[in-house]
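The block underneath contains the structure these notes are about, expressed in structure tokens.
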Amino acid sequence: MSYIICKDVTLGYEGKAISHHVNFTVNAGDYLCVVGENGVGKSTLVKTILNLRKPLGGEIIRGDGIKEYEIGYLPQQTMVQRDFPASVWEVVLSGCLNRCGWRPFYTSGEKAICEENLVRMQIEDLKNRCYRELSGGQQQRVLLARALCAAQKILLLDEPVAGLDPRVTVEMYELIQKLNQEGITIIMVSHDIHAAVRYATHILHMDNQPLFFGKTEDYVNSSIYQSFMGKETLPEGGSRE
């Protein structure tokens, strides 16, 4: 079943187009990794899927009755977010806000969802701690638990391992893979091409026009991947003979 269908979309902001003819489909159970150089619209694509930005052309269709507020979202973390003065419990529970509507309180069911995701992310022992006092890896687990409180079927992640040390990065990738294996559909923006081809089922390689969309094994065998990896391995300022 198709959850997200992107049809000939032009991405941009303030009327300025940055990527054209974006076409891809995300089906139930997929793990799509969006890769490419800086400035080609990867984060803009995320915001457009969430309806935080409007496409400048084309359309994004959500299948199976999915609404943008039912998609769990883990944005790139800012310094302001890292210093947020709230308890872990309060941060994670706030992921249920969209479930509340106009109701000014959380139900016992929503609190149970919060508890479930604290356990899922192995941070139940941190729930009374202040979020700002946690390590970077712990904070990302908290934010992932918060996103899961909102997620019905899809989790959208924008550079979820940025700023984490190598050990915590691997732990985070394995957590995300486990969620996918449990049935959550993943869309992840990443600069880590190695992780993308290791974990994702599908790759969208973006440029001013998408260079590739398809299965990961086909991407690895493509000239686009070979060319991209060749540029990565060049020394800074170097060239091939």
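The values are calculated or read from the model by the stated rules, or taken from the named source; none is laboratory data. Predicted, not measured: the structure shown is a model, and the values here were computed from it. Every residue, glycine as well, gets a Cβ built from its backbone with ideal geometry; the counts of neighbours run over all protein chains shown.
Points to keep in mind about this one:
- Checking each residue in segment 70-96 for being among the aromatic types (Phe, Trp, Tyr) and within 19 Å of GLY29 (Cα to Cα) picks out only TYR73.
- Strands (runs of 3 or more DSSP E) contained in segment 12-101 and holding at least 2 residues of a type in the set (Val, Ile, Thr) and under 30 Å from GLY230 (Cα atoms): 16-27, 31-36
- Failed item, numbered, when PRO104 is tested on (1) crowded, with 22+ Cβ neighbours inside 10 Å; (2) at pLDDT below 90: (1)
- Count - residues of segment 52-67 that are under 19 Å from the mean Cα position of the chain (by Cα) and within 15 Å of GLU14 (Cα to Cα): 4
- Hey, LEU164 farther than 21 Å from SER43 by Cα, out of contact with any strand residue (DSSP E or B) (no Cβ under 6 Å at 6 or more places or on another chain) and either not assigned by TED's automatic domain parsing to the domain that holds ILE66 or not acidic (Asp, Glu) (or both) or not: no
- If you go through segment 68-90 and pick out every residue that is under 18 Å from the mean Cα position of the chain (by Cα), at pLDDT 85 or above and under 21 Å from GLU124 (Cα atoms), you end up with 3.
- Any hit, segment 167-188, residues being touching a residue at least 40 places away in the same chain (Cβ under 8 Å), in contact with a Pro (Cβ under 9 Å, 6 or more places away or on another chain), of a type in the set (A, V, I, L, M) and outside the structural domain of GLU37 (by TED's automatic domain parsing): no
- Of the strands (runs of 3 or more DSSP E) contained entirely in segment 115-230, those carrying at least 3 residues that are of a type outside the set (D, E, K, R) and under 17 Å from the mean Cα position of the chain (by Cα) fall at 154-158, 185-189, 202-206.
- Looking across segment 179-214, not a single residue is of a type in the set (Phe, Trp, Tyr) and surrounded by fewer than 17 Cβ atoms within 10 Å (Cβ to Cβ).
- Odd one out for CYS96 among (1) over 28 Å from ARG198 (Cα atoms); (2) modelled with pLDDT of 90 or more: (2)
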